[in-house]
Amino acid sequence: MSELLSNPAVQGGAAPFVAGLIAAVLLGRFRLGGLAVAAAFATAVYFIAGFSFTPLSATRKIILLGLAAPLAGFVVDFAFRPTRLGSTLLAIAGAAAAAWVFWPVLAQKDLARALLPGATAVLATAWVVWFSEQRLAGDSVRAGASGLALGLGTGVAAIFGAALTYGLYGTALAAGSGAFLLVQMITGKRSFAGATFTLSATLVAILIAAAAMILAQLPWYSVVVLALVPVAVTLPVPAGAALWLQAVLSSLYGFVVAGIACALAWHAGG
């Protein structure tokens, strides 16, 4: 059993998927199905690194934000009405979170080497948080497709960028998003995504991608392309299409863009 649980495919894929599926099924009736992503991510953290936060490295800061994101999303969903101003404030908070995570690392570099990756991390984070809250939080199918494609794209690109651990975390986000999406496809009923889902999926995924860029070898332009995945899943689907078909098509749109980011990472790595 210990050998099975130490398998990366189990730690980053199977176990997070099971945890996400359980959360989506049990909590969906309470409009908390979006916690599937948080459950999946927490499961991966438990198996891969554990819940130790000292010293507070960049990776541990991302884990901490990954655990805090669903709580913040819950407050946003159930205490405030979604507005354009609210989305902007969340984007600013996301940018501040990225700066908090990576500033100690970037401060050790000269300006010329720190400016591009730092700006990419901050702006990409602000963008995906704003867009996801503004366009995806109210559409659980497209939100799930975005989390699936962005998480998987981040995971594969991070592995190509010589960051296996970040790859497993990205895959775990994809597993949780896939579980959230699968429940909707089977039942034919939409769930509630909200900021509880979008912050847990998109914020953490783009921070992981940025970490693979700053701390490993993922090229900055792969992160930029990954930030366009949430846009891709909003492309039109046939009017009146079955929910499962909408989920498949939206996911495919996201996979195409995520695949481009992975191809760029592969090419950059030789």
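The values are calculated or read from the model by the stated rules, or taken from the named source; none is laboratory data. Small disclaimer: the values here were computed from a predicted structure and weren't measured. Please note: Cβ atoms are built from the backbone with ideal geometry, for glycine as well, and neighbour counts cover all protein chains shown.
Assorted remarks:
- Test: residue in region 93-113 that is in contact with a Gly (Cβ under 9 Å, 6 or more places away or on another chain), aliphatic (A, V, I, L, M) and not in a helix (DSSP H, G or I): no
- Region 88-110 - residue that is of a type outside the set (A, V, I, L, M, F, W, C) and closer than 10 Å to A126 by Cα and, of those, modelled with the highest pLDDT: G94
- In the set (1) under 25 Å from V183 (Cβ atoms); (2) in contact (Cβ under 8 Å) with a residue 60 or more places away in the chain; (3) not charged (D, E, K, R), the condition left unmet by T59 is number (1).
Matching residues to (1) modelled with pLDDT of 95 or more; (2) among the small types (G, A, S); (3) assigned to a helix (DSSP H, G or I):
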site: A39; (1), (2), (3): yes, yes, yes
site: A42; (1), (2), (3): yes, yes, yes
site: V45; (1), (2), (3): yes, no, yes
site: F51; (1), (2), (3): no, no, no
site: L56; (1), (2), (3): no, no, no
site: R60; (1), (2), (3): yes, no, yes
site: A68; (1), (2), (3): yes, yes, yes
site: F74; (1), (2), (3): no, no, yes
site: D77; (1), (2), (3): no, no, yes
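- Residue selected from region 27-61 under the condition of a type in the set (F, W, Y) and surrounded by fewer than 22 Cβ atoms within 10 Å (Cβ to Cβ), by the criterion farthest from A99 (Cα to Cα): F30
- Region 174-189 residues that are in contact (Cβ under 8 Å) with a residue 60 or more places away in the chain and aromatic (F, W, Y), paired with ones that are assigned to a helix (DSSP H, G or I) and surrounded by 24 or more Cβ atoms within 10 Å (Cβ to Cβ) (beta carbon under 6 Å, 6 or more apart): F180/A24; F180/A36; F180/G144
- Residue check, V204 closer than 24 Å to A23 by Cβ, buried (at least 24 other Cβ atoms within 10 Å of the Cβ), in contact (Cβ under 8 Å) with a residue 12 or more places away in the chain and not small (G, A, S): yes
- Of the helices (runs of 4 or more DSSP H) lying entirely inside region 159-263, the ones with 2 or more residues being more than 16 Å from the chain's Cα centre (by Cα) and modelled with pLDDT of 95 or more are found at 164-187, 220-226.
- One residue from L21, L64 being surrounded by fewer than 21 Cβ atoms within 10 Å (Cβ to Cβ), assigned to a helix (DSSP H, G or I) and without any contact (Cβ under 8 Å) to a residue 24 or more places away in the chain: L64
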